[in-house]
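Notes to accompany the following structure.
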Amino acid sequence: MLKLIKYLKPFIVSIVFIIVFLFAQAMCDLSLPDYMSNIVNVGIQQGGVENAVPKVIRKSELDKLTFFMKEEDKKKVEKYYILLNKKNISKVELNDYLKKYPKLEAESLYKINTKDKNIIDELNHIFGKPIFIVSGIKRQESSKNLLISDSKMSKEQIHEMQKKIFEKLDDMPDRMVTQSATTFIHKEYEYIGINTNKLQSNYILISGAKMLALALLSMVATVIVGLLASKVAAGLGRDLRGMVFRKVTSFSNTEFDQFSTASLITRSTNDIQQVQMLMVMLLRMIFYAPILGIGGVIKVLGTDTSMGWIIAVAVMAILTLVVLLFAFAIPKFKRVQKLVDKINLIVRESLIGMLVIRAFNTQKYEEEKFEKANKDLTNTNLFVSRLMTLMMPMMMLIMNCITILIVWVGAHKIDTGNMQVGDMMAFIQYTMQIIMAFFMISMVSIMLPRASVSAQRICEVLDTKVTIVDIKEPNEFKNDHKGSVEFKNVCFRYPGAKEDVLSNISFTAKPGETTAFIGSTGSGKSTLVHLITRFYDVTSGEIAIDGVDIRNVSQKKLREKIGYVPQKGVLFSGTIKSNIQYGNKDRTEDELIKISEIAQAMEFISSKPKGLQSEISQGGSNVSGGQKQRLSIARALAKKPKIFIFDDSFSALDFKTEKLLRNALKSEMVDGTVLIVAQRISTIMNADQIIVLDEGKMVGQGTHKELMKNCKVYKQIARSQLSKEELSS
């Protein structure tokens, strides 16, 4: 899978944007539990009072609180509070304050004059314990007497009393102290005349609005990430398909021998689809999960709930589940793609060979063969799907068990005052986010083995070293030559083979002449002409066209000189016209008609309602074998090459059509070099030069008459096909 990273280079900007938006999404999602906790803790339990620092407080109450403060703390409080009374404010200000604080007329108030969060946090710590003490004294209805005695106590006595009280409060959690303090402040606000119900509802509504805004931002980020991830994955799939196709078109027959057609189709479609699907998941989850997981851990540790060990338990449970599932799933994933290849191979063979299957009544056998492969693939996919199905409920079970554990432990902490309800709810949310992060990674990891196999198969194609390549500075063909072909001691051996299939082949095919090749099946006739087109390269020796070694010119220039008609006529989906024009788009319709007449194809073309515009199905399935060959010949003629290669291209034609075709070709290709591979003696009897092959060696060279006199192999082939009268005519 890592090998494909280099192909993501064109999408680097999109990937950076994806990471940015994923980070924004994670920050929004991680902030939501905090707001929920604040709504429960502050909005509901504390009545909208956020901390133990009163925004306004009566002078008498502040005096009570400062009595239980250290001198340095008392100075800080006095520094950040200003006194409001009739004497130190104007009438306009007085009216404003009376509207806000109706009790101002009866008693002086202190108002905080800072919004600095750090100072507020510092004052919160200062106010907490004094408010807790005063609240307790008020409940005992003894604060009045104690404060009266303030004037009768020495500083040392006051200090000693403060020390003892603070020592008793040191073991009390700050959260409990702060929550008790907010109750005191809430009552103080009510006494002053502040609408505490409105204060509470405003806090809840504002916090809820912030949560809604964060949720909307998270949704927008999620949508953008989804769009960008899909775009990157689709772009990668498009590029990989293009690269695989271009690579395959550059393959020589040597490379095609390494990969089956079914496998190449699977690699170009299903395998790339697997990688594309994984890429979407990677971009949407793999980047997001670590941000969410790490952020959740940081938030959990910041809650000061002392329940971090629960996270460790959850993570260990998930990892155990994932490892167990992977141990069973990965081997199956590796098998799936091979089974897909096998299905494609069987289907392709069955469709291509359907006529043979019907002729031999082997439909049942083919059905059973397909059924076995189909059943193997189905069972493997079912096994993997069941594992995936099992994973989700197991994950939910772990999540629910962890939730119960958090509630159990959290309830005891709430009971002892070490935790607030909102904190426990936030802890549950953060824990679920951490578990979900691992769950997302697990989901991607389950897809990863199959996609990795697919990526490896794609890379096998892309990394395949093409054996036939152009040299860096190719030569040009000489202008004074017109297509002569010369073999100089050519030997050829298939890759991995121990013996040569062609040995010491030497001859020259001249322009204006016809050179024919004949021999028994497997003698190397087609292989020989494949060397001219560089479908394979010679093992030793040299093939020269117009005096230039074909390995020293570009493949494009070489094949521009050649009109190749394969043994099996190959047509492409489109029209008759598009197939004939395949090698030369500039041919006019009149020229196409003339070419079709030479190729003896006009007879059946004119019988079709649309003529040259008649449709050709994929592979030419709607025309006969002979018609395919004639259209293939017309395609080669339309190219106007210097060299014509007919690789047993007349085998599907009847004798009459073949004779007419050969006569027409002879008048058309007066200046061309013609190379014909044939099985029929009648096809090549009039050739200027006949080369006889036997087991890869030249055993005869000359005209028909010469070979009948001095070549035993040729004589045997001729006598097996023609009568003495035909041979002597």
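Of note:
- Pick from region 577-624, criterion β-branched (Val, Ile, Thr) and touching a Gly at 6+ places or on another chain (Cβ under 7 Å), ranking: surrounded by the fewest Cβ atoms within 10 Å (Cβ to Cβ): Ile616
- Close Cβ contacts (under 6 Å, 6 or more residues apart or on different chains) running from residues in region 550-575 that are within 17 Å of Leu637 (Cβ to Cβ) to residues that are among the aromatic types (Phe, Trp, Tyr) and in a strand (DSSP E or B) comprise Gly563/Phe644; Val565/Phe646.
- Residue within region 362-375 that is modelled with pLDDT of 85 or more and within 24 Å of Leu324 (Cβ to Cβ) present: no
- Residues (among the β-branched types (Val, Ile, Thr) and farther than 11 Å from Leu661 by Cβ) located in region 595-612: Ile595, Ile605
- Residue within region 360-367 that is exposed (fewer than 11 other Cβ atoms within 10 Å of the Cβ), charged (D, E, K, R) and in a helix (DSSP H, G or I) present: yes
- Those strands (runs of 3 or more DSSP E) of region 468-524 in which 2 or more residues are under 49 Å from the mean Cα position of the chain (by Cα) and modelled with pLDDT of 85 or more occupy 485-492.
- Of all positions in region 644-651, at least one carries a residue that is surrounded by 16 or more Cβ atoms within 10 Å (Cβ to Cβ), aromatic (Phe, Trp, Tyr) and not in a loop (DSSP other than H, G, I, E, B).
- Among (1) over 49 Å from the mean Cα position of the chain (by Cα); (2) assigned to a helix (DSSP H, G or I); (3) of a type outside the set (Ser, Thr, Tyr), the one test that Leu528 misses: (1)
- Remark: Ser14 matches the filter, which requires a residue to be out of contact with any strand residue (DSSP E or B) (no Cβ under 6 Å at 6 or more places or on another chain), surrounded by fewer than 19 Cβ atoms within 10 Å (Cβ to Cβ) and either in a helix (DSSP H, G or I) or assigned by TED's automatic domain parsing to the domain that holds Met447 (or both).
- Residue match in region 45-56 (condition: in a helix (DSSP H, G or I), surrounded by 18 or more Cβ atoms within 10 Å (Cβ to Cβ) and of a type outside the set (Val, Ile, Thr)): no
- Annotation note: Cβ proximity below 9 Å between a residue of region 409-428 that is under 17 Å from Gln46 (Cβ atoms) and a residue that is among the basic types (Lys, Arg) and loosely packed, with under 15 Cβ neighbours inside 10 Å (sequence gap 6+ or interchain) occurs for no pair.
- Pair list, Cβ < 9 Å and 6+ apart or interchain, from region 445-457 residues that are part of a helix (DSSP H, G or I) to residues that are surrounded by fewer than 20 Cβ atoms within 10 Å (Cβ to Cβ) and of a type in the set (S, T, N, Q): Ser454/Asn270; Ser454/Gln273
- Failed criterion for Gly547 (all others in (1) under 28 Å from Gln600 (Cα atoms); (2) of a type in the set (Gly, Ala, Ser); (3) touching a residue at least 60 places away in the same chain (Cβ under 8 Å) hold): (1)
- Scanning region 700-716 for residues that are more than 16 Å from Ser682 (Cα to Cα) and without any contact (Cβ under 8 Å) to a residue 24 or more places away in the chain yields Gly700, Lys709, Asn710, Cys711, Lys712.
Rundown of residues vs (1) touching a helix residue (DSSP H, G or I) at 6+ places or on another chain (Cβ under 6 Å); (2) exposed (fewer than 13 other Cβ atoms within 10 Å of the Cβ); (3) modelled with pLDDT under 80, yes/no style:
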site	(1), (2), (3)
Leu2	no, yes, yes
Gln25	yes, no, no
Asn38	yes, no, no
Lys74	yes, no, no
Lys99	no, yes, yes
Lys103	yes, no, yes
Ser108	yes, no, yes
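- Residue that is surrounded by the most Cβ atoms within 10 Å (Cβ to Cβ), among those in region 458-467 that are assigned to a loop (DSSP other than H, G, I, E, B) and among the charged types (D, E, K, R): Asp463
- Unmet criterion (only one of (1) surrounded by fewer than 19 Cβ atoms within 10 Å (Cβ to Cβ); (2) farther than 29 Å from Pro10 by Cβ; (3) at pLDDT below 90) for Gly208: (3)
- Selection count, region 495-518, where residues are over 23 Å from Ile562 (Cα atoms) and in contact (Cβ under 8 Å) with a residue 12 or more places away in the chain: 5
Residue-wise test of (1) assigned by TED's automatic domain parsing to the domain that holds Glu591; (2) over 53 Å from the mean Cα position of the chain (by Cα); (3) among the basic types (Lys, Arg).
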{"site": "Arg630", "(1), (2), (3)": "yes, no, yes"}
{"site": "Arg635", "(1), (2), (3)": "yes, no, yes"}
{"site": "Phe646", "(1), (2), (3)": "no, no, no"}
{"site": "Ser649", "(1), (2), (3)": "no, no, no"}
{"site": "Ala652", "(1), (2), (3)": "no, no, no"}
{"site": "Phe655", "(1), (2), (3)": "no, yes, no"}
{"site": "Asn663", "(1), (2), (3)": "no, yes, no"}
{"site": "Lys666", "(1), (2), (3)": "no, yes, yes"}
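- Number of the condition not met by Val225 [criteria: (1) touching a Leu at 6+ places or on another chain (Cβ under 7 Å); (2) not assigned by TED's automatic domain parsing to the domain that holds Val49]: (2)
- Residues located in region 652-665, provided they are assigned to a helix (DSSP H, G or I) and not β-branched (Val, Ile, Thr): Phe655, Lys656, Glu658, Lys659, Leu660, Leu661, Arg662, Asn663, Ala664, Leu665
The values are calculated or read from the model by the stated rules, or taken from the named source; none is laboratory data. Predicted model only: the values in this text are computed from it and were never measured. As a convention, Cβ positions derive from the backbone with ideal geometry for all residues, glycine included, and neighbour counts pool all protein chains shown.
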